[in-house]
Number of protein chains: 6
Amino acid sequence: MNRKILSSGNLQIQRFFNLDTRAYEEGALSSKVKELLGLVASLVLRCDDCITYHVIRCVEEGVSDAEFFEAFNVGLVVGGSITIPHLRRAVQRLEECRTLNKRHLSRRRHDKE
Amino acid sequence: MNRKILSSGNLQIQRFFNLDTRAYEEGALSSKVKELLGLVASLVLRCDDCITYHVIRCVEEGVSDAEFFEAFNVGLVVGGSITIPHLRRAVQRLEECRTLNKRHLSRRRHDKE
Amino acid sequence: MNRKILSSGNLQIQRFFNLDTRAYEEGALSSKVKELLGLVASLVLRCDDCITYHVIRCVEEGVSDAEFFEAFNVGLVVGGSITIPHLRRAVQRLEECRTLNKRHLSRRRHDKE
Amino acid sequence: MNRKILSSGNLQIQRFFNLDTRAYEEGALSSKVKELLGLVASLVLRCDDCITYHVIRCVEEGVSDAEFFEAFNVGLVVGGSITIPHLRRAVQRLEECRTLNKRHLSRRRHDKE
Amino acid sequence: MNRKILSSGNLQIQRFFNLDTRAYEEGALSSKVKELLGLVASLVLRCDDCITYHVIRCVEEGVSDAEFFEAFNVGLVVGGSITIPHLRRAVQRLEECRTLNKRHLSRRRHDKE
Amino acid sequence: MNRKILSSGNLQIQRFFNLDTRAYEEGALSSKVKELLGLVASLVLRCDDCITYHVIRCVEEGVSDAEFFEAFNVGLVVGGSITIPHLRRAVQRLEECRTLNKRHLSRRRHDKE
């Protein structure tokens, strides 16, 4: 669907998408911290698709479970109980990522043996 | 005013305030990162008082100007141009903190000489 | 999923969930009024899961249809037409609750005869 | 300013203002409960002017301090710490109302003696 | 579901629905412009059902693709990247409308021949 | 303050500001319609600074009072009574613009005579 939006010929929307991507690149702050910022911003604004995206990216950046739950807690305290349904789904996404990674790792270990 | 709220006898509000304070304590994530999370969450939710509080706390935690502006940029991209008036005031607060700190440092240097 | 969140070992999230539960307990205001407060807050913040939860709890607290629609109307006027899709789903949930209760009552009546 | 809006000749805005007024009239739910609904909705949506209006109306409807703080607590838990600056100002408004009422009562008592 | 809400007997909700319909009627501003206003308002408030409704209405009012994407761009810039998932679904709805219209037109052309 | 933000050296924030400016330029939709879109988006998101900016720009683009109030009405119906304090301030800004313009015009007429 992004492809369709980008092929619409609207140059400014394309530039916005570009700015969006670059906002999370390594800089004075690490990509890991920036993805955590994106995650908590998405949680308090209550956007499931955005939360899912940043959970995946945080897992890729090596965020630990303890770090995830402390970030979730900041989002929960700032945003209140209205964020709880989104928090639940975030935890579910995180668990799915962890399960996929475990399978992936055990398969790679198996392949080496 | 917090004192008045806390003296209201409503134990649950007191507990909420306690949770709010503790959410930013050093843990798996550093206080610095947590204050940045609080700052960006406050920016996308557009609350000037909360932004001011987290700008001050971030300055105390040693956040550099480059780090501030990268965090502001994440907030701006996620939250859109509607956050710009709050971003302006955030930059103004940051500048006031930096000026106060410089005066404080130059006074301390002067006292030592 | 709550169980998973609660078993995450993050004590502060557990405490938040506890505060969330206790906010609706009978006190100076009745549970009924507090659930109505939660319902309207959920409607203006447009969270379907939260609305469903409070509709069920309001039914349990004996809120009548006339009371429901007056509360919905406050939410609609405060929150505007953007709440209408959520209002529609709220009315659907309410109807499902009423239907379930009728079946339950007619079964109990049948059992007694 | 309402007068200016109403004299704009836009009939639909006038009708909206009328619906807004009538939403809080005594009905299946009391005006007191409806004003509390308006107060909590305004708190979670973080509108100081609306909060001030409903605090004044709640005082007129005889809402006690304990009732106020339980309603505030529901708003705080649902809406999170981002509502705290608004909660502070709400408590300040409440205190001003109570002080004015005390003065008014003591003056009336004085006039009678 | 609207029918159920309207048959609830709550006159004020019925009046609100009426105001909602009339807000987009031809006046000093054309229906086309008003539907675009509704579309962008729905995008920045991130309500998929409302976006779908206004996309359909805008198609009926003859909004071109270039006009749609410029309106989407205003919504994206004002509301930020948090609107992107909704923008994606809006573009999908638009495409579905265009496909349906093309089929409809080619069928009508076929019938005439 | 924009100058300070732009001199921060954060290139991406500068690019965002550029996108923000260009979103309202004449295109498939006129600047007038785009400023109305910005106005209603700002009203439903309840940002006074943004509303003021777009009211001024709409006046410059020749938006009539009747057009303003129809746009305000769309914002009011979509966003609900929580937008009323912002609507009031928007009307006040509009009136100030009209008064300034009248003075300006009468001065220019006077200069010519």
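I'm trying to understand the selection: among the residues of the range A:20-34, which are among the polar types (S, T, N, Q) and facing chain B (nearest Cβ under 10 Å)? Spell out the reasoning first.
Filtering the range A:20-34 down to residues among the polar types (S, T, N, Q) leaves A:21, A:30-31.
Within the range A:20-34, A:21, A:30 meet the criteria.
Condition check for residue C:109 on (1) surrounded by 14 or more Cβ atoms within 10 Å (Cβ to Cβ); (2) more than 12 Å from the chain's Cα centre (by Cα); (3) away from every other protein chain (no Cβ under 14 Å): one failure, at (1).
Residues in the range A:86-113 that are free of Cβ contacts under 8 Å to residues at least 24 places away in the same chain and not acidic (Asp, Glu): how many? Qualifying residue count for the region: 15. Only one of the listed residues (F:89, F:57) is within 18 Å of residue D:16 (Cβ to Cβ) and modelled with pLDDT of 95 or more. That residue is F:89.
Matching residues to (1) out of contact with any Pro (no Cβ under 9 Å at 6 or more places or on another chain); (2) under 19 Å from residue C:39 (Cα atoms); (3) not hydrophobic (A, V, I, L, M, F, W, C):
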position	(1), (2), (3)
D:68	yes, yes, no
D:73	yes, yes, yes
D:83	yes, yes, yes
D:86	yes, no, yes
D:89	yes, no, yes
D:94	yes, no, no
D:109	yes, no, yes
D:113	yes, no, yes
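Take residue F:51 and tell me if it is closer than 30 Å to residue D:22 by Cβ, away from chain C (no Cβ under 14 Å), out of contact with any strand residue (DSSP E or B) (no Cβ under 7 Å at 6 or more places or on another chain) and of a type in the set (A, V, I, L, M, F, W, C). Yes; evaluated as a whole, the condition is true for this residue. Cβ-Cβ contacts under 6 Å between residues 6 or more apart (or on different chains), taken from a first residue in the range B:26-39 that is β-branched (Val, Ile, Thr) to a second residue that is crowded, with 18+ Cβ neighbours inside 10 Å, are listed as B:33/A:33. Condition (residue is closer than 30 Å to residue A:73 by Cα and away from chain A (no Cβ under 14 Å)) applied to the range D:1-19: is it met by at least one residue? No, the range D:1-19 has no match at all. Select from the range A:57-99 the residues that are touching an Asp or Glu at 6+ places or on another chain (Cβ under 9 Å) and among the aliphatic types (A, V, I, L, M) and list them in ascending order. A:63, A:77, A:78, A:84, A:90, A:94, listed by residue number. So is residue E:37 farther than 22 Å from residue F:64 by Cα and at the interface with chain F (Cβ under 9 Å from one of its Cβ atoms) or not? For residue E:37, the condition - farther than 22 Å from residue F:64 by Cα and at the interface with chain F (Cβ under 9 Å from one of its Cβ atoms) - is not met. Note on the range B:1-62: enclosed helices (runs of 4 or more DSSP H) holding 3 or more residues that are surrounded by 19 or more Cβ atoms within 10 Å (Cβ to Cβ) are B:11-22, B:31-44, B:48-60. When the range A:54-73 is filtered for residues that are within 14 Å of chain D (Cβ to nearest Cβ) and of a type in the set (Phe, Trp, Tyr), only A:72 remains. For the range B:74-89, the criterion of being within 14 Å of chain E (Cβ to nearest Cβ), surrounded by fewer than 22 Cβ atoms within 10 Å (Cβ to Cβ) and farther than 23 Å from residue A:43 by Cβ is satisfied by at least one residue. Among the candidates E:98, E:57, E:46, the residue that is under 18 Å from residue F:38 (Cβ atoms) and charged (D, E, K, R) is uniquely E:46.
The values are calculated or read from the model by the stated rules, or taken from the named source; none is laboratory data. The structure presented is a predicted model; accordingly, all values stated were derived computationally and were not measured. Note that each Cβ is placed from the backbone with ideal geometry, even for glycine, and that neighbours are counted across all protein chains shown.
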